[in-house]
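All remarks here apply to the structure that follows.
The values are calculated or read from the model by the stated rules, or taken from the named source; none is laboratory data. Keep in mind that this is a model prediction, so the values were computed, not measured. Virtual Cβ from ideal backbone geometry, glycine too; neighbours counted across all protein chains shown.
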Amino acid sequence: MPSARTTKLTIQTRGAKDVVDLTGELSRLVESAKIEEGTVHLFAVGSTCALTTLENEDGLLQDFQKVLDRLVPPTDDYAHAQTGGDDNAPSHIWASLIGPSLTIPVVGGRLALGTWQQAVLVELDFRPRRREVVVQLVPFP
């Protein structure tokens with residue numbers, strides 16, 4: 001039986017709510033690890049990016065960005081700009097609302113995702129960033 005392993009993905013984002021589909025790379029990792037049953041756990045390193053699942057479709061991505069802006073308006077006056085010296089308070093808040101981690105079951109050697117469901121990294125900082133995602137592949141006996 002294969003043992004658990006940890007790897008890292010490095011992703012270059014475009015900034016400004018860029019959504020990067022990780023599904024293909026995660027599927028390749030599961031296949032190369034020969035996991036039939038288990039989990040894939042992901043953790044985004046950084047306080048202004050997040051992981052989630054969604055349908056990676058242009059209209060939905062626009063809707064997703066609009067909803068984030070309604071929840072946490074990017075132009076509000078945030079204390080972080082005065083105390084932290086940076087204007088990315090909304091980025092930190094969006095990231096905390098979505099969350100830094102994601103766990104996907106592996107069933108029959110495949111990610112147990114729905115037909116229109118992709119695992120994605122969401123860049124929430126306003127500028128392009130180089131991101132690291134820690135991936136743990138955990139097989140079940």
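Tabulated data
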quantity: Residue within segment 74-91 that is at negative phi, touching a Lys or Arg at 6+ places or on another chain (Cβ under 8 Å) and not β-branched (V, I, T) present; calculated: no
quantity: Close pairs from segment 112-137: first of a type in the set (V, I, T) and buried (at least 20 other Cβ atoms within 10 Å of the Cβ), partner modelled with pLDDT under 95 and not in a strand (DSSP E or B), Cβ under 7 Å, at least 6 apart; calculated: V120/N56; V122/K17
quantity: T7 vs. criteria β-branched (V, I, T) and either within 17 Å of L113 (Cβ to Cβ) or loosely packed, with under 11 Cβ neighbours inside 10 Å (or both); calculated: no
quantity: Odd one out for T13 among (1) over 12 Å from L121 (Cα atoms); (2) crowded, with 17+ Cβ neighbours inside 10 Å; (3) polar (S, T, N, Q); (4) in contact (Cβ under 8 Å) with a residue 60 or more places away in the chain; calculated: (1)
quantity: Filter result (of a type outside the set (F, W, Y), touching a strand residue (DSSP E or B) at 6+ places or on another chain (Cβ under 9 Å) and either part of a helix (DSSP H, G or I) or surrounded by 16 or more Cβ atoms within 10 Å (Cβ to Cβ) (or both)) within segment 54-64; calculated: L54, N56, L60, L61
